[in-house]
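Report on one structure; see the data block that follows.
Only the coordinates and a few stated rules stand behind these numbers; no lab work does. Computed from a predicted structure; not experimentally measured. Cβ placement follows ideal geometry from the backbone for every residue including glycine, while neighbour counts extend to all protein chains displayed.
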Amino acid sequence: MLTKRNPKGVPQPASKYAQMVEGGGNLRWLHISGQIGVTAEGTVLDGFEAQCEQTFRNIITCLEAAGMGIEDLVKITVLMTRQSDVPAYRGIRDRMLNGIETASTLMVVAGLASPAFLIEIEAVAAKG
């Protein structure tokens, strides 16, 4: 069971995420390595929106392979190379996760493993 909260005394989220996600009971944990906007066939997609959507598709595929879904996400850590893509990221995240709130960290970084990569997301999920 996951309990999501935004307690008083800390800033309220700037977008659709939770300041805290607490797991109780006997949970099975899944840590998903950083996913990028590359298809299973190895194609790096063009443009931020396409890469962002593929990144979330890759995360959802990993969740499904573990018998989990987006509702089991606890935390995502997002690395992006361009500040200007933050609004697009938020819209895509909300759509791809169907409004599910997770704990979240977003960083704008100088670069990722390849200059072609515009976004990378790692995730943690838990299911009872």
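Some observations on this one:
- Taken over the Cα atoms of the range 42-103, the convex hull encloses 89 Å³ per residue.
- Low-density loop positions, GluC sites (Glu not before Pro), the range 23-128 - DSSP coil, at most 13 other Cβ in 10 Å: GLU41
- DSSP beta bridges fully contained in the chain are about 75 percent antiparallel.
- Among the trypsin sites (Lys or Arg not before Pro) within the range 1-45, those in coil by DSSP and having at most 10 neighbouring Cβ atoms inside 10 Å are LYS8.
- Cα-Cα pairs of the chain separated by more than 27 Å (percent): 17
- Extended-chain gain in nm, criterion 0.36 nm per residue less alpha-carbon gap, SER15 and ALA50: 10.5 nm
- Sorted from greatest to least, the principal axis extents spanned by the alpha carbons of the range 5-67 come out as 44, 31, 14 Å.
- For the range 77-84, Karplus couplings with θ = phi - 60° (6.51, -1.76, 1.60), whole Hz, Gly/Pro x: 10, 10, 10, 10, 9, 9, 4, 5
- The range 74-128 and the range 1-55 have Cα centres separated by 6 Å.
- Fewest-first ordering of ASP72, ASP46, ASP85 by other beta carbons within 10 Å of each residue's beta carbon gives ASP46, ASP85, ASP72.
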